[in-house]
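Read the structure below first, then the notes.
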Amino acid sequence: MNVYDSRQIENMMRQAGYQRAGSADKADLIIVNTCAIRDKAEQKLYSLLGRLAPIKQRNPDVVLAVGGCVAQQEGKALLSRVPYLDLVFGTHTLNRIPELVARVISTKSRIVDVGIHVIEDPLPTENARGNGKEVSRFVTIMRGCDNFCTYCVVPYVRGRETSRAPDRIIAEIEALVGEGIREVTLLGQNVNSYGNREGLITFPELLLKVNEISGLSRIRFTTSHPKDLSDALIESFVSLEKLCPHIHLPVQSGSDAVLKRMKRRYTRDMFSERVAGLREKCGDIALTSDIIVGFPGETESDFQLTLDLIQEIQFDGLFAFKYSDRPNARAAGYMAKVSEKEKARRLQVLLDCQQAITLKKNRALEGTEQVVLVEGVSRMSDTRDPQWTGRSLNNKIVNFTIPEKIAPSEEDWVGRQVKVVIYKGLLHSLQGKMLA
Ligand code: 5AD
Ligand code: SF4
C-alpha cells in the first residue's frame, strides 16, 4: 500500500515540475513515506531522519517531509521531536503534497496537515507510468479498515474503510496494461468487504470485471480476512482464468483464547474449515499467512497450538512477527506482556518449523512444469549464462535458463508467460529450465 502511495506522491511531484534525484544528498526535496504497523517500522523512520540530519545542516533550503502512517499517528509531536523537519502530512492529505511543499517554500514555515478528509481518487493515468521494464503493479482498491483487531494500528492511522469506484479501478488497470503491465495485485486491508459500505459491486464481481481486461495476464489480491472469505470468492479461483492460485490468509495465532483477545472473530476450526473449502475447490492453491508471536498473555501452550496449526495447514510461506504495542490499539493496555527474549525465542522456533515445511513443499515441485511470468534477467546472473527470473502462478520466485537456441533479447521475454521445468526447490526460490 505504501509502495502504491509513494508512486502517487512521485507522480504528483513530477507534475509539479520535480524530478527524481539520484540520491538524498542531491535532492532539493526529501519525502519519507512511513509505516506504523510495528514498532520496528516506526523506529526505522527515526534512524533514517538521523542519517538525513547532516544534509539539512549543510543546506537548510532542502525541504524535508514525512508522510504516511507514522506522520498521521504523531502529527505535531513529530515536528517537536525532529527540529529540522519542515512538513508532516498524513494518510488523508496525500493529494495536497504539491501544494503543501509549495507553501513550506513560499512561507518558510513548518507545516502539519494530518486532518481526515476523503482522499480524492487519483486519476488512473497518473499511476500508469511504467518504466517499460515493469511487469507487475499494485492497485489500491480500498483504504482503511473497520475491523479493530486489538493489536492493530491501521484503523487509527488509515481511518474508516472506503472503496474506490470500480470504473476508476478498471480504467487504472487498463492504463497500466497499456504501459506494458501484465499482472496486478489488488490491495485492501480486507478486500472481502470491498464495496459494502458504498453499496458498490462485490469483490468477486470486481474480480470478474478485471478478469475481462484484455492484455492483462494475471490477477492477485491481498489481504483477505479469514472471517469474510466467502464461497463466492473461493468460486472465483475456479472460474476466473487470470486469478492466480495463491491466497494470503493471515491467521495470526492457532489458539482460540488468543484469537479471541485479538478480536479476530474466527476460531482455529473455522480457519481450518475455510482452508479445507479452498483446497477442495482449488487443490493446487498456494497458501501464505501472517503470525504474531508473543501477543499479551500468550502462554507456552498457546504458542504450541500455533505450531500445531502450522503443521496441520502446511502453509507455503509465513510472515511472522514479534508482537509490539501500538499507540491507541487496545492490546497495548493488556497485561501479561511477553518478554522480548521470549518473543525472539518463539519467533525462531516458528521460523525453523516453517522453513522445513517451505523447503519440503518447494522440493515437491522438482520435476513439475510451472507457468512463469518473466520479469527480467536475475540480478545474480553472469552474462555468459543469463539466469532469468519471474514468478510461478503460485507466487514462487523461479530462476531459470533459456535454451541457447531460443535465446532472444530481454525485451522479447519480459512480460511473457513461459513454461519452465523445475529441477531444484530451494527455500526462497525454485530453479528451472525453460522448455523449448
Ligand atoms: N505487532 C506485531 N505484528 C503486527 N501486525 C499487525 N500489528 C502488529 C503488532 N502490533 C502484523 C500482523 C498483520 C501484519 C501486516 O502485521 O500479522 O497481518
Ligand atoms: Fe488491522 Fe485487523 Fe484491519 Fe487487518 S483486519 S488492518 S489486522 S484491524
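Points to keep in mind about this one:
- Cα-based shape type of segment 2-113, given that a ≥ b ≥ c are square roots of the gyration tensor eigenvalues and the cut on a/c is 1.5: rounded
- Segment 289-436 shape via C-alpha gyration tensor axes, a/c threshold 1.5: prolate
- Of interest is the spacing of the C-alpha centroids, which for segment 191-267 and segment 48-65 amounts to 42 Å.
- With neighbours defined as other Cβ atoms within 10 Å of a residue's Cβ, the residues SER301, SER136 order from fewest to most as SER301, SER136.
- Charging the Cβ of each Asp and Glu at -1 and of each Lys and Arg at +1, and nothing else, the dipole of segment 252-364 about its Cα centre rounds to 340 debye.
- Of the Cα atoms belonging to the chain, the radius of gyration and Dmax stand at 22.8, 65 Å.
- Under-5 Å amide H pairs with VAL32, H placed in peptide plane, nonlocal only: ALA65, VAL66, GLY67
- Cα-based reach from LYS341 at 25 Å (exclusive), listing lysines while leaving out same-chain residues under 8 positions away: LYS40, LYS44, LYS260, LYS322
- Entry note, segment 125-244: relative contact order of 27 percent, from Cα contacts under 8 Å with a spacing of 6+ residues.
- Cross-link partners of LYS133 among lysines, defined as those whose alpha carbon lies under 23 angstrom from its own and excluding same-chain residues fewer than eight positions apart: LYS242, LYS396, LYS419, LYS433.
- √(5λ) per eigenvalue of the Cα gyration tensor, segment 252-364, largest first, Å: 26, 17, 11
- Relative pair counts by distance (%), Cα atoms of segment 159-294, 10 Å bins: 11, 40, 34, 13, 2
The numbers here are math on the coordinates, done by the rules we state, and not lab data. Note that the coordinates shown come from a computational prediction; the quantities given were computed from them, not determined experimentally. Don't worry about glycine lacking a Cβ; one is built from the backbone with ideal geometry, like all the others, and counts go over all protein chains shown.
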